[in-house]
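Report on the structure given below.
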Amino acid sequence: MPEKKEIPMELKERLKCEYDKEWRSNLRKSISAKERMKIPRQKMPQRDPEERNKDFNEVNLGLQEKKAKLEAARCLDCANPTCVSGCPVSIDIPTFIKLVEKGDFIQSARKIKEANSLPGICGRVCPQESQCELLCNLKKATGIPVAIGNLERFVSDYEMTCENVYIPSIASPTGHKVAVIGAGPAGLTVAGELAKKGHYVTIFEALHLPGGVLIYGIPEFRLPKKVLMTEVEYLKKLGVELRMNFIVGVTATIDDLKKEGYKAFFIGSGAGLPNFMRIHGENLIGIYSANEYLTRVNLMKGYAFPEYDTPVLHGKRVAVIGGGNVALDSVRTAKRLGAEQAIIVYRRSRVEMPARVEEVNHAEEEGIEFHFLTVPIRYIGNENGHVKAMECIRMELGEPDASGRRRPIPVKGSEFMMEVDLAVVAIGQSPNPLIPKSNPNLKTGKWGNIEVDWETMETSMKGVYAGGDIVRGGATVILAMGDGRVAASAMDKYLRQSKKRKKA
Amino acid sequence: MAKILRRERLVPNLHLLEVHAPEIAKRCKPGQFVIVMPDEFGERIPLTIADWNIEKASVTSVFLVVGTSTHKLSLMKQGDDIPVFVGPLGKPVDINKCGTVLCVGGCYGIGAIYPVARAFKEAGNKVITLLDVKANYLLYWEEKLKSVSDEFHISSRDYYYDCKDFVQHILKKIVKDKKESINQVFAIGCTYLMYACSQATKPYGIKTMVSLNPIMVDGTGMCGACRVSVGGETKFTCVDGPDFDGHLVDWEELFARRKSYFDDEIQSLCYWEKKIFP
Ligand SMILES: Cc1cc2nc3c(=O)[nH]c(=O)nc-3n(C[C@H](O)[C@H](O)[C@H](O)COP(=O)(O)OP(=O)(O)OC[C@H]3O[C@@H](n4cnc5c(N)ncnc54)[C@H](O)[C@@H]3O)c2cc1C
Ligand code: SF4
């Protein structure tokens, strides 16, 4: 997978052009770097752990204007802003932050939207500590980076509370029809970009609500659905058509859609296939895939049962297997549904956990227990076929594996029993096989992921592009969006050339 | 959104639902199902497709009224919109010319077996149909099924028909009485019926396919709610099925898993009833 390290020349010039503007240079000089470094990182206000672990409302409350401006003043406005190369979509981070310091929040939001159409979402769910904030020069100088994610969230929320969200100018209609498969972050991004360029875009989505993982997976307490719905409304204003309850490859194939006049396709169907451990007893009642558990609670609103019809099992002692964001979302959900003990069972140690650091901290505050270096080896059921215990084994860390993390090795003779009445398996997802299966011409890789040309995101089928988790396996929201942007620009070129080809 | 073209009670507790769904009508094959959600509060439930009509662009299902979602569906009228009606899901039945096929249907499966029997007949097989009802007034689609069958039987628990016996006994009798061999049995209905048919044919080694109906959520392989053990392997009914070899299914596990939400279902129904009949 390509990692962007160097900032491309064109972007460097754009950054420099903004950097040299008079207001920027005045603002920069108004406070010395030394003074800026003295300002402490502004804490994100959050709800009390004992209150929030009982409901599904958002944990973080968002920075207030004053705090946001102060946080923005911490940014040194470096001549060589290394943070930008940490952002997969190369947001002009210093410019948006300095616009916050200046108090021009709306312009700041527009600046971000030049590169990232879903800032309210990314500000909340990006793993900033391993992206932009990791490379922030202030981190090198003081150890504590600028809270880039919190600021991104702030400007986006500010814009959302203003009545009229800015609608960019839309190019005159090109007459081309584009089909986007999947309404996750990858698909939503492609749709927005191509609609702005004047193409007629239809999103086909299998579920009854748009958003992909953002709607069925990530819970309300981390990403309020209102934020997502605002983004979807925005796409509709750009003229994007949404067709829900439509499974491409099942309800109609790509070939059928071609006959209906669709000229270019983007596959953003995600990594929807839950992995199980294939151990004894895994089909007992009370053992969920994280996908099922979170879908029941989030998409189907199982937390409001019986007002909503879909039930979800409530456990007193709930074990969640895994150490990523999915596992943390599941375990915190279990706590909120009333579990007395909600436990993470992870085969490596804390430092190897792939989840966002903020989520791990939040979980700890909320009373989540962590059993590191532990893995279940079988489940034991009661007379009704309901799980009642889990046999586990302890692990120790060996040499680093392909992912660079130290490989867990079972410790002989360390088996022990753990009583549980609910277990959630959150050990990863595989690419959704529906589309590759219905298109044998589509070249796929070892894990069932669709193979693409990384420069354009085009697949082995002409005019068919792909991005996000279906290409990368379980990755991140921002990488899915980044793929969407690359694909959209290549698709636009492809469509315009096809017009020329026709004319010639 | 899909418009309801017809919703009517066939027999007590079993309803027919015909919905305008042009894409599904164009593509669906015997044995496939749709996922339906009656309103924005509802559950996503699977319903086997019982018939379709390409000219009318319609898809028909027969459903048994059990939980809240099916109660809600049973109150919907012609012209109403169903917010979710998605499909056609699952693998179609493997229709081949194998000789004699015995199709068994009970409950909603009397409707669901119809396109299967029709397809086997069209493929040049001899089709024997056996329908199971508790009593005569619960039988529907008799003529429709007769029209695609070479032989027709009923098993019933009352004295109306001359065959008062459980389906598995009648099934055994048909198998034993036949001079020619039965090459395949295909059963759709409640889990118990499918289990009983599989048990009945096992000693004779007749291939017996069943169309399983576990609890589902998304229906596209995303959640794994519908996992079943078949021949010692975990399968997702929605994408690997719904048809499996009845002799290999772990029935005990399936019976248990189907009851996962038994108490919740009752609670949900009581809540809903109180809401609409205060
Ligand atoms: C619980 C959870 C928490 C996460 N937390 C974070 C986080 O904090 N930060 C982060 O960056 N990432 C996180 N991730 C990962 C991130 O959500 C994904 O990487 C991202 O959503 C991938 O986007 P996508 O557009 O490729 O696919 P998805 O979001 O998976 O969307 C795919 C969509 O396509 C639809 N679809 C599939 N097949 C078809 C078809 N044949 N026809 C029509 N529609 C179809 C699906 O229904 C779905 O709506 C998390 C993931 C999960 C599950
Ligand atoms: S999109 Fe993500 S990586 Fe980029 S600046 Fe925002 S938080 Fe950082």
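Values quoted throughout were computed directly from the atomic coordinates according to the rules given, and no laboratory measurement underlies them. Because the structure is predicted, anything quoted here is derived from the model rather than measured. Cβ sites come from the backbone with ideal geometry, for glycine too, and all protein chains shown count toward neighbours.
Listed by chain and number, the aspartates and glutamates whose C-alpha is less than 16 Å from the C-alpha of A:Lys34, apart from same-chain residues fewer than 8 away, are A:Glu71, A:Asp77.
Where the only charges are on Cβ atoms (+1 Lys, Arg; -1 Asp, Glu), what is the dipole of segment A:9-162 about its Cα centre, to the nearest 20 debye? Please report the intermediate quantities before stating the final value.
On the way: 28 positive and 23 negative charges, 116 e Å.
Around 560 debye, computed over segment A:9-162.
Between segment A:372-413 and segment B:12-43, the alpha-carbon centres lie 42 Å apart. Let me make sure I get this right: for segment A:276-427, a, b and c are the square roots of the gyration tensor eigenvalues over alpha carbons, sorted descending. Under 1.5 in a/c it's rounded, otherwise prolate if a/b > b/c, else oblate. Which is it? Here segment A:276-427 falls in the oblate category. Note on B:Arg6 and A:Lys139: their simple-model spin labels are 6.5 nm apart, each label 7 Å out from Cα toward Cβ. The distance separating the Cα centre of segment A:295-338 from that of segment B:159-188 comes to 46 Å.
The share of Cα pairs per 10 Å bin across segment A:169-227, counted from zero up to the longest distance, runs 23, 42, 26, 8, 0 percent.
Annotation: lysines with alpha-carbon distance below 19 angstrom to B:Lys91 (same-chain offsets under eight excluded): A:Lys437, B:Lys26, B:Lys29, B:Lys207, B:Lys235.
Residues whose amide H falls under 5 Å from that of A:Arg407, counting only those 5 or more places apart or on a different chain, are A:Gly398, A:Glu399, A:Asp401, with hydrogens built in the peptide plane. Overall, the anisotropy analysis places segment A:335-391 in the oblate class: the square-rooted eigenvalues a ≥ b ≥ c of its C-alpha gyration tensor yield a/c not less than 1.5, with a/b not exceeding b/c. Near the amide H of B:Thr208, within less than 5 Å, lie the amide hydrogens of B:Val185, B:Gly246, B:His247, all on another chain or at least 5 residues away, with H placed in the peptide plane. How would the protein assembly as shown be classified by its alpha-carbon gyration tensor: rounded, prolate or oblate, with rounded meaning a/c under 1.5 and the a/b versus b/c comparison settling the rest? Taking the square roots of the gyration eigenvalues as a ≥ b ≥ c, the protein assembly as shown is prolate.
Considering only B:Lys134, B:Lys179, B:Lys29, the mean-square fluctuation computed in a Gaussian network model of chain B, springs between alpha carbons under 10 angstrom, is largest for B:Lys179. Taking label positions 7 Å along the Cα-Cβ direction at both B:Lys274 and B:Ser181, the computed distance is 6.0 nm, reported to one decimal.
Each Lys and Arg Cβ is given +1 and each Asp and Glu Cβ -1; about its Cα centre, segment A:124-201 then shows a dipole of about 260 debye. By the helix-only formula, in which each DSSP H run with n ≥ 4 contributes -39500 (n - 2.57) and the sum is divided by residues, chain A has a 222 nm mean residue ellipticity of -10500 deg cm²/dmol.
With each label modelled as a point 7 angstrom along the Cα→C-beta vector, the A:Met461-A:Glu6 pair spans 3.6 nm.
Over all residues in B:266-274, what is the mean tally of Cβ atoms on other chains that come within 10 Å of each residue's Cβ? Before the final figure, lay out each step's value.
On the way: counts 0, 3, 7, 2, 1, 4, 3, 0, 1.
Averaged over the peptide's residues, the number is 2.
Determine which residues of segment A:450-470 fall in the zone a paramagnetic label at A:Arg405 would reach in this model, i.e. backbone nitrogen under 19 Å from the point 7 Å along Cα→Cβ. Once the point is set 7 Å along Cα→Cβ of A:Arg405, A:469 turn out to lie under 19 Å by backbone N, inside segment A:450-470. The distance from the alpha carbon centre of segment A:88-131 to that of segment B:230-278 is 46 Å, rounded to a whole number. Taking a label point 7 Å from the Cα of A:Leu397 along the Cα→Cβ vector, which residues of segment A:110-131 have an amide N closer than 18 Å to it? Counting backbone N atoms under 18 Å from the label point, the list is A:130.
For segment A:396-504, the list of GluC sites (Glu not before Pro) that fall in a loop by DSSP and count at most 16 other C-beta atoms within 10 angstrom reads A:Glu415, A:Glu451, A:Glu455. Each peptide in A:399-407, A:31-39, B:218-226, A:53-61 gets a packing score, the mean of other Cβ atoms within 10 Å over its residues, and the list from highest to lowest is B:218-226, A:53-61, A:31-39, A:399-407. Taking chain B as a Gaussian network of alpha-carbon nodes connected by springs under 10 Å, the highest mean-square fluctuation of the residues B:Ile110, B:Ile188, B:Ile206 belongs to B:Ile206.
Helix-derived [θ] at 222 nm for chain B: sum -39500 (n - 2.57) over DSSP H runs of at least 4, divide by residue count, nearest 500? Counting only the DSSP helices, I get -8000 deg cm²/dmol. Shielding of peptide B:16-23 by partners, expressed as the average count of other chain Cβ atoms within 10 Å per residue Cβ, is 1. For A:Thr374, the amide hydrogen comes within under 5 Å of the amide hydrogens of A:Tyr346, A:Arg347, A:Arg348, A:Met395, counting only partners 5 or more places away or on other chains and with H modelled in the peptide plane.
Exposed loop sites here are GluC sites (Glu not before Pro) in DSSP loop states with at most 13 other C-beta atoms within 10 Å. What is the longest stretch of chain B lacking them? Answer from the scan: B:56-179. The 3J(HN,Hα) values that the Karplus relation (6.51, -1.76, 1.60; θ = phi - 60°) gives for segment A:16-27 are, in residue order, 5, 4, 5, 4, 7, 4, 4, 4, 5, 5, 5, 4 Hz. Gly and Pro appear as x.
Could you state, as a whole-number percent, how many of the C-alpha pairs of segment A:224-341 are farther apart than 21 Å? Please report the intermediate quantities before stating the final value.
On the way: 3902 of 6903 pairs.
Within segment A:224-341, distances greater than 21 Å cover 57 percent of Cα pairs.
The value for segment B:2-89 of Rg(Cα) / (2.2 N^0.38 Å) is 0.96. Computed from the C-beta positions of B:Asp80 and A:Lys446 and an R0 of 30 Å, the FRET efficiency is 0.05 to the nearest 0.05.
Quick check: residue separation of A:Glu22 and A:Cys78 times 0.36 nm, minus the Cα distance between them. What number comes out in nm? Display every interim value, and only then the final one.
Numbers: separation 56, 0.36 × 56 = 20.16 nm, distance 1.53 nm.
Full extension of this stretch gives 18.6 nm more.
A Förster distance of 41 Å, applied to the separation of the beta-carbon atoms of A:Ser30 and A:Ala171, puts the FRET efficiency at 0.55.
For the residues of B:80-86, the average number of beta carbons from a partner chain within 10 Å of their own beta carbon is 3. Its Cα centre serving as origin, the protein assembly as shown has a Cβ charge dipole (Lys and Arg +1, Asp and Glu -1) of approximately 1980 debye.
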